[in-house]
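Reading through the structure tokens given below for one structure.
The values are calculated or read from the model by the stated rules, or taken from the named source; none is laboratory data. Worth saying up front: this structure is predicted, and the values here are computed from it rather than measured. Heads up, the Cβs are rebuilt from the backbone with ideal geometry, glycines too, and the neighbour counts pull from every protein chain shown.
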Number of protein chains: 2
Amino acid sequence: MQSLNDLPAPGGAHPDLDPPPEPARALRGRRTLYVVERIRDMIVSGDLPAGGRISERMITEGLGVTRTPLREAFKILEAEGLVRIVPNRGAEVIHLSPSDIEAAFEVLTGLESVAAELACTRGTAAEFAAIEARHDRMVACQRADDLMGYFHLNQEIHQLIVDCAHNPALSRVYRTESARIRRYRFAGNRVGERWVRAVMEHEQILDALKQRQGALLRELLRTHHINGWRVTRRVLEGELSPPG
Amino acid sequence: MQSLNDLPAPGGAHPDLDPPPEPARALRGRRTLYVVERIRDMIVSGDLPAGGRISERMITEGLGVTRTPLREAFKILEAEGLVRIVPNRGAEVIHLSPSDIEAAFEVLTGLESVAAELACTRGTAAEFAAIEARHDRMVACQRADDLMGYFHLNQEIHQLIVDCAHNPALSRVYRTESARIRRYRFAGNRVGERWVRAVMEHEQILDALKQRQGALLRELLRTHHINGWRVTRRVLEGELSPPG
DNA sequence: ATTCCCTATATTGCATGCAATAATGTCGAA
DNA sequence: TTCGACATTATTGCATGCAATATAGGGAAT
């Protein structure tokens, strides 16, 4: 793993050691951000197991940073709802129950509802075209059975629709809340039947957006989320097994 | 100001000094939280001017904490959108433009829209009664011309309606986003005419909630926010001067 | 007087050390 | 063997020191 510690050793570290490259001098003022992004990726992608503890040593050694920026990163991740800090015991990845996930879906649905109407009012043709391009690539991913690519583009499309509302606060909150449950949503997408249907729904969503039919778009997104959650829940509860 | 530093001096402080009370020993693991809450209050209430810099010394001396928990607090407040940290220059209170505030209103409206329908489905009679009690006290505040009390109860009522949705994520996001613009909303409430009308709207809102008419409640809240924002904007843009 | 540059000072970013707490291991009694 | 008290070790919370950067002040040239 790429280490940031390969630099002149400012503090009290041995002055004779660490002669290797110093790619990180410019990171002053950005270390915490770097750590946050790194850990966030690990949590959102599922590399760090839900409920699992994240010891400071594990990260400091893995990323080559010291404890101060790491501890600041933990606080940020806690504010984002990705991590829980238990006093004297450190940080652990938040584990979401099905009802927590359902709650998050409700929030996202509400945010997309406002976004839908605003996007149809304020979105530009260029923005719509960018979404359509992603949509086409997403369909291609489905045809190629590239679940990972599909999932990624899917997320991106929803974010871009929200971004069309030209409301930075909305985009920010949507992004954060979306990240909280991303790892759990992946499961739902693996169900073949749902996958096909989801793409069909996306077609309609894209059409409604392009035709600037806000009320319709809102309803389509709402239904899309309800359908998605229904499948996701069953997968999470073990009723449906994700195909190998 | 109450200082937390009046304790045994663990680190390297002079061991002969600081004999006074030690009320904060139990704060281990909670210092950052304490600082966050303190600074958040100062920002939300307007004690710290928007756009103003918050130097570390100013807070460490004021609250009697050291720089480590303070810097962690800044990171949390940045994640909450209350503060901006400029590398090598420290933290400053976020200044929101009218369009930022409008954006926040849109987010809050969206969140309350979901909340409205859910609250009418899931809210308990006890919760409704608690809201009604606040509402009555709020009306009393209006009659007594107690703007501060009115404002506080108003905020509380909206949060409680959202809480009726029994969705922790929704409550959390609403609380955070609401705090971001609280200081700016106060201005809007000072306009006498709006004040009267807002209370009337609250009557209707309460009725819709008690009768569990979700769609109606949603629309009433939406209109309520639009009306509120219209006045707030004019005050912020200086078209209306706040009396007193 | 104004502008620029240089120096002195203050402030921030980060690394680290010490104390408090939790986790772990050991041994003896039941 | 199992359980629990105690000692040992590891880990976290926080305070502080050092280096990098920004800020302020002063003097010289214009």
*Could you please let me know if B:VAL173 is under 30 Å from A:SER99 (Cα atoms) and either assigned to a helix (DSSP H, G or I) or within 14 Å of another protein chain (Cβ to nearest Cβ) (or both)?*
yes
*Subset of the stretch B:99-123 [surrounded by fewer than 17 Cβ atoms within 10 Å (Cβ to Cβ) and either outside the structural domain of B:ILE226 (by TED's automatic domain parsing) or free of Cβ contacts under 8 Å to residues at least 40 places away in the same chain (or both)]*: B:SER99
*asked:* Just to verify a result, which residue in the stretch B:57-103, among those that are in a loop (DSSP other than H, G, I, E, B) and touching a Phe, Trp or Tyr at 6+ places or on another chain (Cβ under 9 Å), is nearest to A:GLU80 (Cα to Cα)?
replied: B:LEU96
_Given (1) crowded, with 17+ Cβ neighbours inside 10 Å; (2) without any contact (Cβ under 8 Å) to a residue 40 or more places away in the chain; (3) not hydrophobic (A, V, I, L, M, F, W, C), index of the condition A:ASP145 fails_ = (1)
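Matching residues to (1) of a type outside the set (Val, Ile, Thr); (2) away from DNA strand D (no atom under 14 Å from the Cβ):
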residue: A:ARG40; (1), (2): yes, yes
residue: A:GLU56; (1), (2): yes, no
residue: A:VAL65; (1), (2): no, no
residue: A:ALA91; (1), (2): yes, no
_Subset tally (residues that are in a helix (DSSP H, G or I) and either farther than 13 Å from A:ILE205 by Cβ or not assigned by TED's automatic domain parsing to the domain that holds A:HIS202 (or both)) for the stretch A:140-168_ = 16
*Some residue of the stretch A:62-71 being over 14 Å from A:ARG38 (Cα atoms), at the interface with another protein chain (Cβ under 9 Å from one of its Cβ atoms) and away from DNA strand C (no atom under 12 Å from the Cβ)*: no
_Qualifying residue in the stretch A:71-83 (condition: closer than 25 Å to A:SER178 by Cα, among the β-branched types (Val, Ile, Thr) and more than 15 Å from DNA strand D (Cβ to nearest atom))_ = no
